[in-house]
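The values are calculated or read from the model by the stated rules, or taken from the named source; none is laboratory data. This is a predicted model, so every value here is computed, not measured. Cβ placement follows ideal geometry from the backbone for every residue including glycine, while neighbour counts extend to all protein chains displayed. These accessible areas exclude ligands, DNA and RNA; they are computed on the full protein's heavy atoms, side chains included. Shrake-Rupley method; radii C 1.70, N 1.55, O 1.52, S 1.80 Å.
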Amino acid sequence: MFGIERPILCGGLMWLSDAKYVAASARARCMGFITTRSFDDARSVRAEIRKCRDLAAGRPFGVNLTVSARESANRRVNADLDAALEEGVRHFETAGLPPGDLVRRIHDAGGVVIHKCSSTRHALSAQAMGVDAVAIVGMEEGGHPGMNELPASLLGALASERLRIPFALGGGIGTGAQILAALSLGAGAVVMGSRFLVAEEIAVHPAYKNRLLECDENSTMTVLRSLRNTWRVLRNDTAEEVARIEASGADNHEAFGELILGRYARDHCYREGDWSRGMLSLGPAIAFADRIQPTEEIVEQLMAEFTAASHRLASVLGLAVRIDCTDRPSYDSAIDKESV
Ligand SMILES: Cc1cc2nc3c(=O)[nH]c(=O)nc-3n(C[C@H](O)[C@H](O)[C@H](O)COP(=O)(O)O)c2cc1C
């Protein structure tokens, strides 16, 4: 469906899924999605797509269209889609509100669309709406996991019983063994974000990447659930302040002022490196990041872990199977020949 060899979708990352990172995921034979809302207008989106095409070595890549609850934020979605289709993009990740008419327009152009959902109910509606696949994300997801409080593993098991269309599973995934687990639940792929934030190609200030390397599984928190806009972010001064304002009874987004604006996070943290400021989308899968590496190396590591987990599983089951998902020439010799 996505023309990729690795079962990994690198989910759209606001401000960060630019040409460089998305092309790096494409070269790693995964699929990345340029987040249109990170750019000022459809013209800039078009320029970014062209840049990505130059860097992607002929491999496919996609575009993320996030449909917001705020009408004003959506005026551009159709223009962004026009630009992407005209530039030859045929793979789309939609998120937020139901993609509605976007699905028809994408299909008319011969494209495919995977819609991100945080519950099986929303996944079933998206299926009824005609999307080609859904990405189901658990409450562990960095960013906006919706009102759902259930983990990815449970949602995956439910999805495989209830859905007709293929699904990807995401939220909290940071190792190859977890990818194997997701596929064994019936997913066709995983969608990952947080684990890739330390990739070399991600354009954030080095001070933030170094902070990410110190994070463990308890370094994130959720806020704004009372506004029906749950947001999982790095636990920092801004997030604690937002939690305080929320606990004091704030019932609209304006009450939080600039603290929750995307540009506040982009300017203070991503550009200037002050990670104490800004709502910085992040999930506990960051616990698995232990160094700054090229995207391709992270993917190779994940696939080596996937292979190792497959062998463990095969030996538990007493099966004679041979799985090798890595390209590393040296890997073959590392396999315990007795167990395969
Ligand atoms: C920094 C960051 C920004 C994100 N921005 C978006 C976005 O703009 N649109 C979207 O659909 N998902 C967004 N997400 C969610 C990811 O695409 C993906 O679904 C999620 O990261 C998967 O969960 P994980 O973080 O546990 O791997 C973002 C996630 C992170 C960590």
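Couple of notes before you dig in:
- Scan of the stretch 160-184 for residues that are over 21 Å from Gln301 (Cβ atoms) and in a helix (DSSP H, G or I), ordered by number: Ser160, Glu161, Arg162
- Of the numbered criteria (1) within 12 Å of the ligand (Cβ to nearest atom); (2) assigned to a loop (DSSP other than H, G, I, E, B), the one Ala187 fails is (1).
- Summed over the stretch 246-275, residues that are surrounded by fewer than 19 Cβ atoms within 10 Å (Cβ to Cβ) and touching a strand residue (DSSP E or B) at 6+ places or on another chain (Cβ under 9 Å) total 1.
- Of everything in the stretch 165-212 that is among the hydroxyl-bearing types (Ser, Thr, Tyr) and out of contact with any Ser or Thr (no Cβ under 9 Å at 6 or more places or on another chain), the residue that is nearest to Trp15 (Cα to Cα) is Tyr208.
- The lone exception for Gly278 - which of (1) touching a Cys at 6+ places or on another chain (Cβ under 9 Å); (2) within 14 Å of the ligand (Cβ to nearest atom); (3) open to solvent by 30 Å² or more (accessible area, probe 1.4 Å) it fails: (3)
- From the options Val233, Val198, Val242, residue that is in the same structural domain as Ala26 (by TED's automatic domain parsing) and surrounded by 21 or more Cβ atoms within 10 Å (Cβ to Cβ): Val198
- Residue within the stretch 51-64 that is within 11 Å of the ligand (Cβ to nearest atom) and open to solvent by 60 Å² or more (accessible area, probe 1.4 Å) present: no
- Hey, Glu200 more than 9 Å from the ligand (Cβ to nearest atom) and in contact (Cβ under 8 Å) with a residue 60 or more places away in the chain or not: yes
- Test: residue in the stretch 170-177 that is without any contact (Cβ under 8 Å) to a residue 12 or more places away in the chain and either more than 16 Å from the ligand (Cβ to nearest atom) or open to solvent by less than 20 Å² (accessible area, probe 1.4 Å) (or both): no
- Residue-level check: of (1) out of contact with any Phe, Trp or Tyr (no Cβ under 7 Å at 6 or more places or on another chain); (2) in a loop (DSSP other than H, G, I, E, B); (3) under 20 Å from Gly146 (Cα atoms), Asp216 misses just (3).
- The residue of the stretch 74-84 that is farthest from the ligand (Cβ to nearest atom), among those that are open to solvent by 10 Å² or more (accessible area, probe 1.4 Å) and under 25 Å from Lys20 (Cβ atoms), is Asp82.
- Subset of the stretch 134-169 (residues that are more than 16 Å from Ser119 (Cβ to Cβ), more than 8 Å from the ligand (Cβ to nearest atom) and in contact (Cβ under 8 Å) with a residue 60 or more places away in the chain): Pro166
- Considering residues of the stretch 85-128 that are small (Gly, Ala, Ser) and within 23 Å of Pro151 (Cβ to Cβ) only, the residue farthest from the ligand (Cβ to nearest atom): Ser125
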